[in-house]
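Some notes on the structure that comes next.
The values are calculated or read from the model by the stated rules, or taken from the named source; none is laboratory data. None of the values given here were measured: they were computed from a predicted structure. With ideal geometry, Cβ positions are generated from the backbone for all residues, glycine too; neighbour counts draw on all protein chains shown. Calculation scope for accessible area: heavy atoms of the full protein, side chains included, ligands and nucleic acids excluded. Shrake-Rupley method; radii C 1.70, N 1.55, O 1.52, S 1.80 Å.
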Amino acid sequence: IAQVAGRTGRSERGGRVLVQTACPDDPAIQFAAKHDYLGFAHEELAQRLACHAPPYCSAVRIILRGEKEPAVEAESTRLAELLRAGLNGSTAKIRLLGPAPCPIARLQKFFRYHLQLVGPDAEAIRSLWLEVVPKFNPAAEVEYAVDVDPLNLR
């Protein structure tokens with residue numbers, strides 16, 4: 001929002017930015033309206049520290065997709081079960097989130113599900129993944145991708 005607002009005022013005529021939101025009191029909106037990047041970063045980093053979210057931990061997202069939703073859902077559930085079994089014997093504090101449909105659940109002709117692993121560091125997650133992946137052979141019609149430190153969850 002702050003970048004868009006900054007670009008709007010560059011011409012001789014100036015400009016204004018209108019933001020439509022259901023949450024006008026959200027700190028991100030308030031900081032953007034004031035062009036207060038440092039205030040936003042301070043608030044956001046404090047929230048991320050309290051929630052053990054990146055950059056204070058590592059995250060890996062596994063996205064499964066296929067043309068048949070039941071197959072994608074079944075494989076994502078099976079992968080989650082394998083990961084949970086791997087976590088049972090692990091001392092690493094890794095959280096497994098999901099499986100769930102992706103926020104954009106269907107993209108073109110593909111149904112999409114995802115899981116997320118969140119842990120203290122990338123090596124702990126990598127070790128778990130290397131233990132589990134040999135046991136996971138998805139059905140031919142389902143493919144998957146691993147996104148380390150994902151930039152978005154769409």
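A few points about this structure:
- Pair list, Cβ under 7 Å, 6 or more apart: the stretch 72-101 residue free of Cβ contacts under 8 Å to residues at least 40 places away in the same chain and at positive phi, other residue open to solvent by less than 20 Å² (accessible area, probe 1.4 Å) and aliphatic (A, V, I, L, M): 98/80; 98/115
- Residue 148, sole failed condition from (1) loosely packed, with under 14 Cβ neighbours inside 10 Å; (2) of a type outside the set (Asp, Glu); (3) at pLDDT 95 or above: (3)
- Only residues that are open to solvent by 30 Å² or more (accessible area, probe 1.4 Å) and either touching a His at 6+ places or on another chain (Cβ under 6 Å) or among the aliphatic types (A, V, I, L, M) (or both) were counted in the stretch 113-138, giving 3.
- Selection count, the stretch 99-111, where residues are surrounded by 12 or more Cβ atoms within 10 Å (Cβ to Cβ) and within 24 Å of residue 51 (Cα to Cα): 4
- Leading residue by the ranking (most open to solvent (accessible area, probe 1.4 Å)) among those in the stretch 82-98 that are assigned to a loop (DSSP other than H, G, I, E, B) and among the polar types (S, T, N, Q): 91
- Residue within the stretch 126-149 that is more than 15 Å from residue 85 (Cα to Cα), free of Cβ contacts under 8 Å to residues at least 24 places away in the same chain and within 13 Å of the chain's Cα centre (by Cα) present: no
- Scanning the stretch 40-81 for residues that are more than 18 Å from residue 110 (Cβ to Cβ), crowded, with 17+ Cβ neighbours inside 10 Å and among the hydrophobic types (A, V, I, L, M, F, W, C) yields 40, 57, 59, 60, 80.
- Qualifying residue in the stretch 12-29 (condition: open to solvent by 70 Å² or more (accessible area, probe 1.4 Å) and in contact (Cβ under 8 Å) with a residue 24 or more places away in the chain): no
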